[in-house]
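The numbers here are math on the coordinates, done by the rules we state, and not lab data. Owing to the predicted nature of the structure, the values given are computational and were not obtained by experimental measurement. FYI the Cβ positions are ideal-geometry reconstructions off the backbone, even for glycines, and counts take in every protein chain you see.
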């Protein structure tokens, strides 16, 4: 490890000290997938269908959870689509506004 003015042992000690001082939450933020990256199916670690909830867990450890209402029948396909829609639009209300805007055209 080329570190100007420090021997290898000292340089490793300094670097390890810096790494140990970095907050775990900061590291999670650094390596968090963007919403665009979450739309790539290869970044999905696991999908859990547990009525009434659908949970998508991404490779960065984040998750998207949607639940159907008590009046609706659970449907895995709709749950997955709803979760991905939330990622694309941020919320159901944003999605509905998008649809309303484009219905007028």
| note | The number of residues in the range 62-105 that are farther than 18 Å from residue 36 by Cβ and touching a helix residue (DSSP H, G or I) at 6+ places or on another chain (Cβ under 6 Å) is 1
| request: Give the residues of the range 50-78 that are more than 14 Å from the chain's Cα centre (by Cα) and part of a loop (DSSP other than H, G, I, E, B), sorted by residue number. | output: 51, 52, 68, 69, 70, 71, 72, 73, 74, 75
